[in-house]
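See structure below.
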Amino acid sequence: MSKWMGLTILAAGVAMILGCSQQPSGTAAIIEDKTYTVTPASVTVKAGIVTGEVTEMKVTERVEKGSDRVVSPAKLTGTLKLKNTSANETVRLVAGKILYIDAQGQPIKLEESRTEPVVKFATYGSERLDPGQDATQSLDVEFPAEALKAKKLKEIRLELAYIPSPYREESINFTVSIGAGK
């Protein structure tokens, strides 16, 4: 009798394990990137002694195919290339802020749960530009859902914060002589 009871308990345990395991769901949701073109895709920018260009701009959000439910909110991506055009000042790039401006000239707000679209110049060397030097930075910032509506977005504003400081190169000559070799 105890032999049969042991097998019954074992069988019940196996049935519980198999019965409680997750079965693969019928169809998994397909997630796809929905890309919006930005026209123009490249623009020239100028802020004081800093010039440059923003290229390869596009807006992408991830959506569930079929239902169009947004899985990942929209982001603006592209490449920002800046150049110090000064002949005698070094520029230390502090930060950049992006604003999305509507047809009435007002900023379009981001949804509450999203972070401000800020460009950080954190990589070593890209935050300092000597005269004539340039730096390239990737853009990957939040984009407001409201701006995706037709004719809502008029312009994108990039506000740069930088610190200029005098840059000088000078030569120093000093007299030397070489003694006899031993």
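Evaluated at q = 0.10, 0.11, 0.15, 0.22 Å⁻¹, the base-10 log of the normalised Debye intensity for the stretch 31-166, with identical point scatterers placed on the Cα atoms, takes the values -0.37, -0.44, -0.76, -1.32.
Neighbours of Ala147 by Cβ distance under 15 Å: Lys/Arg scored +1, Asp/Glu scored -1, total +3.
Based on the Cβ-Cβ distance from Asp134 to Ala95, what FRET efficiency comes out when R0 is 22 Å, to the nearest 0.05? Numbers along the way, then the final one.
Numbers: r = 18 Å, r/R0 = 0.81.
Rounded to the nearest 0.05, the efficiency is 0.75.
Nothing charged except the Cβ atoms of Lys and Arg (+1) and of Asp and Glu (-1): what's the magnitude of the dipole of the stretch 31-166 about its Cα centre? Round to the nearest 20 debye.
On the way: 20 positive and 20 negative charges, 40 e Å.
About 200 debye.
From the alpha carbon centroid of the stretch 43-69 to that of the stretch 148-171 is 15 Å. A crude spin-label estimate for the pair Ile30 and Ala161, with each label 7 Å from Cα along the Cβ direction, gives 4.5 nm.
Across the options Tyr100, Pro40, Ala150, the greatest Cα extent toward the positive end of the charge dipole of the stretch 31-166 (unit charges at beta carbon of Lys, Arg, Asp, Glu) belongs to Ala150. Here's how it looks for Arg62: its modeled amide H is under 5 Å from those of Lys34, Val71, Ser72, which are all 5 or more places away or on a different chain.
Distance between the modelled labels on Thr175 and Lys151, one decimal in nanometres: 8.1 nm (7 Å Cα→Cβ projection).
Where a number appears in this text, it was derived from the coordinates with a stated rule and is not lab data. The structure displayed is predicted, hence computed values, not measured ones. Note that we place each Cβ from the backbone using ideal geometry, even for glycine, and neighbour counts take in every protein chain shown.
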